[in-house]
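Following: one structure in structure tokens, then a few remarks.
The values are calculated or read from the model by the stated rules, or taken from the named source; none is laboratory data. Model, not experiment: these values are computed from the prediction. Glycine also receives a Cβ, built like all others from the backbone with ideal geometry; neighbour counts cover every protein chain displayed.
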Amino acid sequence: MFEDLRDLYQEVIFDHNRNPRNFRVMENADRQVEGFNPLCGDRLTLFLKMDGDVITDASFQGSGCAISTASVSLMTEIVKGKTEAEAQELFTKFHEMTTGKEEHINLEALGKLAVLAGVREYPARVKCATLAWHTLDAALKNEANAISTE
Amino acid sequence: MSGFDVNKIRQDFPILAEKIRGKDLVYLDNAATCQKPQAVIDSIVQLYSHDYANVHRGVHTLSVRSTDKFEAARTKVKSFINAASDKEIIFVRGATEAINLVAQTYGKTNIKAGDEILITAMEHHSNIVPWQMLCEQTGAVLKVAPMNHKGELIYSEFEQLLSDKTKLVSVVHMSNALGTINPVKKIIAAAHAKGIPVLLDGAQAIPHMAVDVQELDCDFYVFSGHKLYGPSGIGVVYGKQSLLEAMPPYQGGGDMIRKVTFVETEYNVLPYKFEAGTPAIADVIALGAAIDYLAAIGMNNIAAYESELLDYATVKAKQIDGLTIIGEAEEKGAILSFTLNKIHPHDIGTMLDSLGIAIRAGHHCAMPVMDFYGVPATARASFAMYNTKQEIDVLMAGIQSLIEVFG
Ligand SMILES: Cc1ncc(COP(=O)(O)O)c(C=O)c1O
């Protein structure tokens, strides 16, 4: 019935929505930032554990739609073990993929995150996918304030 | 129902034939804005093709034609809500500007530090923020009458909050987030017993029921044209003449003056005192066309039909496992706000859109209502006179299958 939506709602997204990974409060987190999408009411808190400039652990709490939940869940998986610079580079690539500015995006470099490429066709939903990454960006820059995608 | 024929009505709305992603459009976002009948579209085309010029300014033929049509529309609005005089009908951009106008003119002159303004827990942001701004400017205090879990005003608490300090009551006639219709006659009588004027936010109520401002005895009634099958960018402040006469103007400029020198300005008479600058001429005239169209069908017929639709939708919705209706007031207009277990309203919105069904997902400009129910957002299907039971069936089938897909 929802054939048109298969690019947007891939099985991986349903899976991460049903069973979000790293969905927990982190005691002794080095960084903790809140992300908020006022348009949708999506809200998340991102926790990072750092060792020098390496992200050794990432977790989150919050509530949002399937796209935003899957996006933050996937993100916490993929950034573990990455340096700040590597995470920033992923953010840039992810941003390019979801906003569709680059015609030929190397989806392979994005690994599992490529399942979110479909939001490009749904401008109203892009912010759902990027909220997690804007929050990570703020956490890496050590901006303590809550960030908002508006 | 005397001659109410939904199929005939549907023919009058060209957009209803539109295909969305290859599917028949099922438009259920009427509380956000509703679609326009051909008569409204035609009136705009007619004006710009044959009759358009600025109003109240020229002696030439077109200016006279435009002015006549413009003022005829004012009379139509007056009759539609049964105001006592054309002077009580002020055109603004919409309900939002209307409330801001009352806050910044009536409010600023009559409300002082320590005074109270009383609203309810179910207001749209546009009936909260202008009062907060006024409170900031004056030192007045905003009081909020609570509601119960069904989304009904707790009247006894409202009554207790009416105090000697209360200088204005501003209440939504029908809630956009819940559908609740407030007991406005009782509210007005109680406030008047203490000499307190009442503003009704009629943005949602006006397309769904007959409104008679004299019978209600409200002091101000505001609404937007775009929710009444008219154009966007036009709205109305109704105010009792005695109040409007005593209020200072809202904005300064052309049309609102009688005489200007560099020393002083004499303001124009009502309603022009509040209509500075060139108005939305075509939109006012088209709002008049919308009112003609509605009057021919009859607001009571519309209300009866929509109440049937709402009952049907409510029964069907309750049959869906995991669906919670948000807002179950006894007195309720044609709005069905709901949540689904573990499925976020935005996912509901996108999935239904792929089936051609337009609903609203979000906080409906009523964040305090969302907080009250402890949800970030709801999905909302809101009905208009052109919706059908078949469309409700399509909606419910869509909801059933998206629940299955989400698993
Ligand atoms: C109850 C209520 N009041 C006020 C408004 C504001 O109307 P507008 O945006 O047309 O100014 C709305 C619109 O959603 C509403 O539903």
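Here are the numbers for the structure shown:
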item	result
B:ASN54 touching an Asp or Glu at 6+ places or on another chain (Cβ under 6 Å), surrounded by 14 or more Cβ atoms within 10 Å (Cβ to Cβ) and not aromatic (Phe, Trp, Tyr)	no
The listed residue being surrounded by 19 or more Cβ atoms within 10 Å (Cβ to Cβ) and among the charged types (D, E, K, R), out of B:LYS87, B:LYS23, B:LYS69, B:LYS19	B:LYS69
Conditions (1) surrounded by 17 or more Cβ atoms within 10 Å (Cβ to Cβ); (2) within 14 Å of chain B (Cβ to nearest Cβ); (3) among the aromatic types (Phe, Trp, Tyr): number failed by A:PHE47	(2)
Strands (runs of 3 or more DSSP E) wholly inside the stretch B:296-407 containing at least 2 residues that are more than 10 Å from chain A (Cβ to nearest Cβ) and more than 20 Å from B:HIS124 (Cβ to Cβ)	B:323-326
The stretch B:311-340, subset surrounded by fewer than 16 Cβ atoms within 10 Å (Cβ to Cβ) and hydrophobic (A, V, I, L, M, F, W, C), residue farthest from the chain's Cα centre (by Cα)	B:ILE320
Matching residues in the stretch B:179-191 - criterion: being crowded, with 24+ Cβ neighbours inside 10 Å and more than 15 Å from B:ILE119 (Cβ to Cβ)	B:GLY179
Residues of the stretch B:263-288 that turn out to be assigned to a helix (DSSP H, G or I) and in contact (Cβ under 8 Å) with a residue 40 or more places away in the chain, as a count	10
Single match in A:ALA70, A:ALA132, A:ALA124, A:ALA66 (criterion: within 14 Å of another protein chain (Cβ to nearest Cβ) and under 10 Å from the mean Cα position of the chain (by Cα))	A:ALA70
Failed item, numbered, when B:ALA286 is tested on (1) crowded, with 20+ Cβ neighbours inside 10 Å; (2) in contact with a Phe, Trp or Tyr (Cβ under 9 Å, 6 or more places away or on another chain); (3) not assigned by TED's automatic domain parsing to the domain that holds B:ALA397	(2)
Residue selected from the stretch A:57-100 under the condition in a loop (DSSP other than H, G, I, E, B) and touching a helix residue (DSSP H, G or I) at 6+ places or on another chain (Cβ under 8 Å), by the criterion farthest from A:VAL119 (Cα to Cα)	A:LYS82
